[in-house]
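**Student:** After the structure tokens below, expect a handful of questions from me.
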Amino acid sequence: ENAIPSPRSGDCAYGTTGEDRILLPAGDFVLREPLVVRGGSLIIEGKGAREDEDAEEDSESTLTTIRRDVSDDVGHRLFQVFGTSSNAYPTVEFKYLTLEDGYAEGEGVQGSGGVILTGGSVIFDRVILRNNHADTHGGVAYIDSNSGEEKVLTFNRAWVTGNSAGAAGGVLAV
């Protein structure tokens, strides 16, 4: 079982300048709690099937999957983004990944955004979004429209399937 590297490692201070990048090898990464993003922009990049003619699109050796630990019956989203002290929210970009089994459990905002809860922009680039759920809004993403800045949600060659929300927005809620 793999663990996602902590953005608070001794390598660098996260979010201080520019963007941070987490490169993940092929394999399954199981989250026991949401991965929290603070500070500057973040790119999380896996070893998904790229535009290589020799790559098998669904080969387990070429895919990186991030999922919620479903064995403990505790619902939680995969990622939660917090703004800086100036209330600016970073952009989060997901590349070449499968994001699945996120579950935002609860009422209101707590139960929104099965994959990600943020006030900033989100980019899904060649990502599979599968079987995520929110009890209230945004089975995949909930973007807080009160954060006071322009937001962009981008799906670039993403595959979205089996996502749902109890009230509204199986994919997105704002």
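**Student:** I'm trying to understand the selection: among the residues of segment 152-174, which are in contact (Cβ under 8 Å) with a residue 40 or more places away in the chain and not aliphatic (A, V, I, L, M)?
**Tutor:** N163, G166
**Student:** Filtering segment 35-45 down to residues that are surrounded by fewer than 19 Cβ atoms within 10 Å (Cβ to Cβ) and either of a type in the set (V, I, T) or within 19 Å of D69 (Cα to Cα) (or both), which residue is modelled with the lowest pLDDT?
**Tutor:** Once the filter is applied, the top-ranked residue is V36.
**Student:** For segment 132-153, enumerate the residues that are assigned to a loop (DSSP other than H, G, I, E, B), modelled with pLDDT of 90 or more and in contact with a Lys or Arg (Cβ under 9 Å, 6 or more places away or on another chain).
**Tutor:** The one that is assigned to a loop (DSSP other than H, G, I, E, B), modelled with pLDDT of 90 or more and in contact with a Lys or Arg (Cβ under 9 Å, 6 or more places away or on another chain): N132.
**Student:** Separate question: From the set of residues in segment 1-25 that are in a loop (DSSP other than H, G, I, E, B) and modelled with pLDDT of 90 or more, which is nearest to S112 (Cα to Cα)? Step through it out loud before you land on a result.
**Tutor:** Filtering segment 1-25 down to residues in a loop (DSSP other than H, G, I, E, B) leaves 1, 3-18, 24-25.
With modelled with pLDDT of 90 or more added as a condition, the list becomes 24-25.
Values: L24: 26, P25: 29 Å.
Top of the filtered list is L24.
**Student:** What's the number of the only condition in (1) at pLDDT below 85; (2) of a type in the set (V, I, T); (3) open to solvent by less than 40 Å² (accessible area, probe 1.4 Å) that T65 fails to meet?
**Tutor:** With (1) at pLDDT below 85; (2) of a type in the set (V, I, T); (3) open to solvent by less than 40 Å² (accessible area, probe 1.4 Å) applied to T65, the lone miss is (1).
**Student:** Follow-up question, since we're still on this one. Among what's in segment 154-174 and is hydrophobic (A, V, I, L, M, F, W, C) and open to solvent by less than 50 Å² (accessible area, probe 1.4 Å), pick the residue that is modelled with the lowest pLDDT. Reasoning before the result, please.
**Tutor:** Quick first cut of segment 154-174, residues hydrophobic (A, V, I, L, M, F, W, C) only: 155, 158-160, 165, 167-168, 171-174.
With the extra rule that they be open to solvent by less than 50 Å² (accessible area, probe 1.4 Å), the set shrinks to 158, 165, 168, 173.
Values: A158: 90, A165: 92, A168: 86, A173: 78.
Filtering segment 154-174 for residues that are hydrophobic (A, V, I, L, M, F, W, C) and open to solvent by less than 50 Å² (accessible area, probe 1.4 Å), the one modelled with the lowest pLDDT comes out as A173.
**Student:** Of the conditions (1) more than 16 Å from the chain's Cα centre (by Cα); (2) charged (D, E, K, R); (3) crowded, with 18+ Cβ neighbours inside 10 Å, D144 fails just one. Which one is it?
**Tutor:** Answer for D144: the failing condition is (1).
**Student:** If you don't mind, there's one more thing I want to ask. So which of Q80, Q110 ends up being outside any loop (DSSP other than H, G, I, E, B), open to solvent by 50 Å² or more (accessible area, probe 1.4 Å), modelled with pLDDT of 90 or more and not hydrophobic (A, V, I, L, M, F, W, C)? Walk me through how you get there before you give the answer.
**Tutor:** Working: Q80 fails: open to solvent by 50 Å² or more (accessible area, probe 1.4 Å).
Among Q80, Q110, only Q110 is outside any loop (DSSP other than H, G, I, E, B), open to solvent by 50 Å² or more (accessible area, probe 1.4 Å), modelled with pLDDT of 90 or more and not hydrophobic (A, V, I, L, M, F, W, C).
The values are calculated or read from the model by the stated rules, or taken from the named source; none is laboratory data. Everything numeric here is computed off the predicted structure, so don't read it as measured data. Backbone-built Cβ (ideal geometry, glycine too); neighbour counts: all protein chains shown. Keep in mind that these areas ignore ligands, DNA and RNA; they rest on the heavy atoms of the full protein, side chains included. Shrake-Rupley method; radii C 1.70, N 1.55, O 1.52, S 1.80 Å.
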